Amino acid sequence: MHFSDLDLPEPLSRAVQDMGFETPTPIQEQALPPLLDGRDVAGQAQTGTGKTACFLLTAMTRLLDSERPDNGNPRALIVAPTRELAIQIAEDADQIGMHTELAVTLCYGGTGWDKQARDLEKGCDIVVGTPGRLMDYYRRGILRTSNIEIFIVDEADRMFDMGFIRDIQFLFSRIPPREKRQALLFSATLSQNVLTLAYRHMTDPVEVLI
Ligand code: AMP
């Protein structure tokens, strides 16, 4: 398979070329066709498999095809268990989105509360963050989730290990209902816990195992 078989929007296929990606990785090859069709996917993939590009290409394809709301609320929410991972995802998003106008805001704990809050209030398309800080902004009305069209949970198994699962359940319950949004979940293992989470909040998720 080639990236050209996926019919990505032109700014994304150009970025993929600029980044030197020649062919999709196995997870991209398996997950991108159902994802680009709008399906929910639970993917078993570790770091290094190309899972980040997989969910960013999905989110950006979707956002390029929908209207940015006047209220500036984000349309994609990506949750990662650690600050390092959130930063890495935002850097990848800057790369993959280099030929788009999509704005990414990064929210993680420990530092930068005021700046991140200002960034959210300015409006953006994609929010990448860690659970604690996202919950804090949500409770204060700074993160508004009513326009979320795509919700992505990365490293779901670590969300359980690190005690974030209630936050993830909470965020799932505060985004638009399942018929109005797409949900993606990636995890190094699709354990019973992770699959239960997937089946509780996702619509007939396609399981992708690498
Ligand atoms: P990840 O598993 O998301 O951490 O990605 C691992 C690395 O693979 C990152 O540096 C990506 O830029 C790179 N990558 C992702 N997809 C591809 C691809 N199709 N071809 C070559 N490199 C890729």
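The values are calculated or read from the model by the stated rules, or taken from the named source; none is laboratory data. Source: prediction; values computed, not measured. Virtual Cβ from ideal backbone geometry, glycine too; neighbours counted across all protein chains shown. The area values use the complete protein model at the heavy-atom level, side chains included, leaving out ligands, DNA and RNA. Shrake-Rupley method; radii C 1.70, N 1.55, O 1.52, S 1.80 Å.
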Across bins of 5 angstrom width beginning at 0, how are the C-alpha pair distances of segment 91-210 distributed, in whole percent?
-> 2, 10, 20, 21, 21, 16, 7, 2, 0
In whole angstrom, how far apart do the alpha carbon centroids of segment 160-176 and segment 11-50 sit?
-> 25
Which is the longest stretch in the chain that no exposed loop site breaks, taking sites as GluC sites (Glu not before Pro) with a DSSP loop state and at most 11 other Cβ atoms within 10 Å?
-> 102-210
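In the chain, which helices (entire DSSP H runs) extend 30 Å or more along their own long axis, judged by Cα positions, while averaging at least 1.6 on the Kyte-Doolittle scale? Each step should come with its number before you reach the end.
Numbers: long enough: none.
Qualifying helices, which must be both long enough and hydrophobic enough, do not occur.
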Residues in segment 151-165 reached by a label modelled at T47 [backbone nitrogen below 15 Å; 7 Å Cα→Cβ] | 154-159
The chain: calculated mean residue ellipticity at 222 nm from DSSP helix runs of at least 4, using -39500 (n - 2.57) = -13000 deg cm²/dmol
If each of T189 and E101 carries a label point 7 Å out from its Cα toward its Cβ, how far apart are those two points in nm?
-> 4.6
With a ≥ b ≥ c from the Cα gyration tensor eigenvalues, square-rooted, and the rule rounded for a/c under 1.5, otherwise prolate when a/b > b/c and oblate otherwise, segment 61-133 is oblate
With the Cα gyration tensor of segment 21-119 giving a ≥ b ≥ c as the square roots of its eigenvalues, does the rule (a/c under 1.5 for rounded; else a/b larger than b/c for prolate; else oblate) give rounded, prolate or oblate?
-> oblate
Please calculate how many Å² of accessible area the chain carries per residue, with a 1.4 Å probe and no DNA, RNA or ligand atoms counted.
-> 46
Of the heavy-atom accessible surface of the chain (probe 1.4 angstrom), what whole percent is carbon and sulfur?
-> 45
Can you give me the Cα centroid spacing of segment 71-90 and segment 196-210 in angstrom?
-> 21
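Relative to the compact globular guide of 2.2 N^0.38 Å, what is the alpha carbon radius of gyration of the chain, as a ratio? Intermediate values should be presented prior to the final figure.
Details: Rg = 15.7 Å, N = 210, 2.2 N^0.38 = 16.8 Å.
Against the compact-globule rule of thumb, the ratio is 0.94.
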